[in-house]
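Notes follow the structure.
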Amino acid sequence: MATSLAEIRAKLQATENRGTGGNSQGGGDNAIYAHWNIKEGDTARLRFLPDANTDNTFFWVERNMINLSFAGIKGSADSKPVTVQVPCTEMWGDPCPILAEVRTWFKDPSLEDMGRKYWKKKSYLFQGFVRENPITDDQTPENPIRRFIISPQIFNLIKAALLDPELENLPTDYQGGLDFIITKTSKGGYADYSTSKWSRKESALDATENGAVEAHGLHNLGDFLPKKPGEAELKVMKEMFEASVDGQAYDAERWGNYYRPRGQFNLPATAATNASATPAAQPATPATPAPTAEATPAPAPAVEAPKAEPVAEAAPTAPVETPAEPASGGQRAEDILSMIRNRQKSS
């Protein structure tokens, strides 16, 4: 972990210069604090803690996920459309086979909307204490060191303050750290957190908080990232991606051991022998997220799933070109799949 603000600032600045952004296993408890459930106009006061991973300069880790939507579940006559989230391998610095295809779509203005649909969703995982909690029905777990899934909108406010030369101490310092105050408002019908900020007053952890750190220890935040896909998972991800673009139903017999729809624990009986892996509960995603609205951070398989709302990383801006003829949604999907398959044959 970082031992000084200078170390964090140097790494943040290096990241900015490279032109990038900043870059759980669980038992279903409420360790993740759902700050998105606070009422409009309310505030929650958080105190971030360091990552237990001493190799991590920052006190957060970044997650990138991709939403794959399906018409329903194969073999279930009354199933509704479902969404499956898979990890984007760019999270580990590797090329992402899905984004490799999606990036090409932004060269055609008629495919921009489809490209945004399949673009990666970015969020950041922090840990710490909830010092002021306006959510009346939230229950603090036995281990009060909670995890926070932070959207890019809030993260940019956190990062900007860290780069401010007037900030003297690490916000995670046990004696002279700072609280972060999340304020929820609305803008254009979506949740807005742009007025969230760091407290101006330093404060020390109290005896109860220090005791919790000693008793439970800090989390290694990397333990709560999705499992890095291997060769088998990458193959399944590509199959699911193509099936999603083609408007097909989710096939539990083919993919149930790898990635499952959010909230789907009872798959069709035909999939029972193949779907023995632990399913991941995944949260519902608002139908039309705005660029500045919170995005639903949902974990990959075997990752604890918060009931969160989304903020998508902005998809690349397409070059200005004149499309030939606007295609219908179905024809457009067929064209995209044909393009993918032709590339596979020639590779």
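The values are calculated or read from the model by the stated rules, or taken from the named source; none is laboratory data. Just so it is clear, the structure is predicted and the values come from calculations on it, not from any experiment. Cβ coordinates were reconstructed from backbone atoms using ideal geometry, including for glycine residues, and neighbour counts include every protein chain displayed.
Among the residues of region 246-268, some residue qualifies, meaning at least one is surrounded by 14 or more Cβ atoms within 10 Å (Cβ to Cβ) and over 19 Å from LEU68 (Cα atoms).
Which of the residues that make up region 31-56 are surrounded by 15 or more Cβ atoms within 10 Å (Cβ to Cβ), farther than 20 Å from SER196 by Cα and either at pLDDT below 95 or polar (S, T, N, Q) (or both)? Spell out the reasoning first.
Our first condition is that a residue be surrounded by 15 or more Cβ atoms within 10 Å (Cβ to Cβ); within region 31-56, this holds for 31-38, 42-53, 56.
Cutting the leftovers down to farther than 20 Å from SER196 by Cα gives us 31, 50-53, 56.
Scanning region 31-56 gives ALA31, ASN53, ASN56.
Per-residue answers, yes or no, for (1) in contact with a strand residue (DSSP E or B) (Cβ under 8 Å, 6 or more places away or on another chain); (2) surrounded by 15 or more Cβ atoms within 10 Å (Cβ to Cβ):
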position: ASN64; (1), (2): yes, yes
position: SER110; (1), (2): no, yes
position: TRP119; (1), (2): yes, yes
position: LEU163; (1), (2): no, no
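Can you give me the number of residues within region 121-141 that are over 21 Å from LEU205 (Cβ atoms) and crowded, with 22+ Cβ neighbours inside 10 Å? Total meeting the criteria: 4. Being over 17 Å from THR140 (Cβ atoms), surrounded by 12 or more Cβ atoms within 10 Å (Cβ to Cβ), modelled with pLDDT of 95 or more and of a type outside the set (Val, Ile, Thr) is the requirement here; does ASN23 meet it? Taking the combined requirement at face value, the residue does not satisfy it. If we keep just the residues of region 191-228 that are hydroxyl-bearing (Ser, Thr, Tyr) and buried (at least 17 other Cβ atoms within 10 Å of the Cβ), which is farthest from PRO50 (Cα to Cα)? That would be TYR193. Within region 75-101, residues that are closer than 12 Å to PRO226 by Cα have Cβ atoms under 9 Å from residues that are surrounded by fewer than 21 Cβ atoms within 10 Å (Cβ to Cβ) and of a type in the set (S, T, N, Q) in these pairs: MET91/ASN23, counting only partners at least 6 apart in sequence or on another chain.
Screening CYS88 with (1) in contact with a Gly (Cβ under 8 Å, 6 or more places away or on another chain); (2) farther than 15 Å from ALA243 by Cβ gives one miss only, at (1).
Please enumerate the residues belonging to region 71-98 that are part of a strand (DSSP E or B) and surrounded by fewer than 21 Cβ atoms within 10 Å (Cβ to Cβ).
The answer is VAL82, THR83.
Selection of region 133-187 for residues being of a type in the set (Lys, Arg) and over 16 Å from ARG47 (Cβ atoms) yields LYS159, LYS184, LYS187.
Summed over region 99-145, the residues that are of a type in the set (Gly, Ala, Ser) and in a helix (DSSP H, G or I) give a count of 3.
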